[in-house]
Amino acid sequence: MDFVRAKEIIEEMADAHVTGISFTAGEPLMFKEDVCGLIQVCRQNRIYTRVVTNGFWANTSDLADKMVSALRKSGLSQLRISTSRWHQENIDSVNIVRAAAACVKQGLDYFVSFVTDFSETDDAVEQFLKDNKLLYYPEPVIYFGRAQSFDRKQIFTDYYPNMCSMNAYVSPNLDMYACCDAGNRFSETGFLYLGNLEKESVDELFKKKEQHQIYHLIRTLGLTRMASYLGYNASEIVRYRKCELCEILFNSKKNLKKLEQGIDDLTIRLRN
Ligand code: SF4
C-alpha cells in the first residue's frame, strides 16, 4: 500500500469517526518505517493503534528494545504479539519473551495472543507463557488462509448466540471488507466485500456497511438464530466455530436470498 495513500485513508477514517486501527495480517513490522509513520498519523488524529506481530524482530534484547522504542515514540497504543505452535515453527519462542519484556520495560501496553485449536498439543505453548509470566489470551485459530489445510478436530460448542461486532478491514490493494477475518474468503457470494477505495470513499463504504440489513442482524441477532431461521438443526449449529458458521450461512446464494426475503420476519425476532 502506498504510504501517502495510506495516510490519506487514515485521515478519511478519522473524519468518519473511526477510533481504532489495527495494523495486521501478514507481518506489518517488515515495513517498520511505514508502519511507524502511519501510527504517528493515527496519533495526530486521536486514533487508538494496535500492531499485531509475530516478534521476528526480537532476536536479541537489544533489538527488541530498539523496535519497541520506535513504536512507542511513534505513539503506538498497544502491541499484540502472536504465538502458537505454528508461529513457533519459524520464530524462537524466546523472541516472544524478549518482545514482552521490552514492552514492560518501556511502558508499552502489550498482550500475547495465544492462537490455539484448544487441543492438548497446545498445553506446552501455554505452559511456556505461564512459566514466563506473560500476559496472554487464548484465541481460536480461524481456519482461513493457510490454516485451511490444518487438521480440524470436531468440536461441540454450547448454543452461543454468535454475534459478531464486525470490524472493517482494508487490504493492501485498497479493497475494503466488512469484516477483518474474512478477506476474500466468501468467494461464492462476495458477501463481506464493500468496495475499493480507489472508486469509493471511506465514508461511502462505511455507509454501505452500516446500512446493510444482514450485517446488522449479525451484530444484533447473531448467527445462531439466523442459522436456525435458515433451517439448520441445533445439533448441527453447535458443531461449528463462529467464523465457520458465518461462511456456511453467507457463502451460499440460496441462504442469502432466503435471508433477504425474511428480513422483516428476522427483525421482529430481534424485538422478541
Ligand atoms: S463471524 Fe463472520 S463477520 Fe464475524 S469475524 Fe467471523 S467471518 Fe467475520
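Since every read-out is calculated from the coordinates, none of them should be taken as a lab result. What you see is a predicted model, and the numbers here were worked out from it, not measured in a lab. Quick reminder, even Gly has a Cβ in these numbers, built from the backbone with ideal geometry, and neighbours come from all protein chains shown.
Miscellaneous remarks
- Model label points for Lys207 and Glu33, set 7 angstrom from Cα along the Cα-to-Cβ axis, are 3.8 nm apart.
- Simple Cβ-charge dipole of the stretch 1-40, Lys/Arg +1 and Asp/Glu -1, about Cα centre, in debye nearest 20: 120
- Compactness ratio for the stretch 67-154: Cα radius of gyration over 2.2 N^0.38 Å (N = residue count) comes to 1.17.
- Residue (of Phe191, Gly222, Ser171) at the positive-pole extreme of the stretch 139-236, dipole from beta-carbon charges: Gly222
- Between Gly195 and Met176, the built amide H atoms are under 5 Å apart, and every one of these is 5 or more places off in sequence or on another chain.
- With the helix formula -39500 (n - 2.57) applied to DSSP H stretches of n ≥ 4, the chain reaches a computed 222 nm mean residue ellipticity of -13000 deg cm²/dmol.
- About the Cα centre, charge dipole magnitude for the stretch 111-176 (Lys/Arg +1, Asp/Glu -1 at Cβ), debye: 140
- Separation of the stretch 118-155 and the stretch 75-103, taken as the distance between their Cα centroids, equals 14 angstrom.
- Assigned charges on the beta-carbon of Lys, Arg, Asp, Glu; the stretch 3-141 dipole about Cα centre (debye): 640
- Debye-sum result for the chain in log10 I(q)/I(0), which assumes one identical scatterer on each alpha carbon, at q = 0.07, 0.14, 0.16 Å⁻¹: -0.29, -1.11, -1.31
- Highest-first arrangement of 29-42, 74-87, where packing means the average Cβ count within 10 Å: 74-87, 29-42
- For the chain: relative contact order, % (alpha-carbon pairs under 8 angstrom, 6 or more apart): 13
- The equivalent ellipsoid that matches the C-alpha gyration tensor of the stretch 3-141 spans semi-axes of 28, 16, 13 angstrom, in descending order.
- Here the Kirkwood formula, the inverse mean of 1/r across different C-alpha pairs, assigns the stretch 129-229 a hydrodynamic radius of 16.0 Å.
- Dipole-positive endmost among Pro161, Phe206, Phe250 within the stretch 150-272 (Cβ charges, Cα centre): Pro161
- Peptide ranges 169-176, 139-146 listed from the most packed, as the mean C-beta count within 10 angstrom indicates: 169-176, 139-146
- Between Lys133 and Lys7, the distance separating the two model label sites (each 7 Å from Cα on the Cα→Cβ line) works out to 4.2 nm.
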